[in-house]
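**Student:** What follows is a structure written as structure tokens; I'll ask about it next.
The values are calculated or read from the model by the stated rules, or taken from the named source; none is laboratory data. What you see is a predicted model, and the numbers here were worked out from it, not measured in a lab. The protein model used for the area step is the full one, side chains on, heavy atoms only, and it has no ligands, DNA or RNA in it. Shrake-Rupley method; radii C 1.70, N 1.55, O 1.52, S 1.80 Å.
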Amino acid sequence: MGHRCIPPFYYFIIIQEREERKITAEIKKAAKAGRQSQVRILAKDLIRIRKSKDKLLQMARSDRCPLFYLFYFIYFPRRLC
């Protein structure tokens, strides 16, 4: 991989997409096992993650984008562009 500078908010989106895939796999396992209560809880988590991802994308497109640069340097201090 090269040393390209990726906008910070994309890291948060990538992390959330990874969580989304994990939860989807867990939902499938729980559904096959017949655990409906666990499926409902995981589905609510999945919806929460998708909504937060949408909020991140909206904020990234708006004027509040510099806030993400602040969070980026807090969470990834060694990855300076």
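**Student:** Straight-line reach from K55: which lysines fall under 20 Å, measuring Cα to Cα and dropping same-chain residues less than 8 apart?
**Tutor:** Reachable lysines: K44.
**Student:** Which order do you get for I15, I49 if you rank them by accessible area with a 1.4 Å probe, largest at the top?
**Tutor:** Result, largest first: I15, I49.
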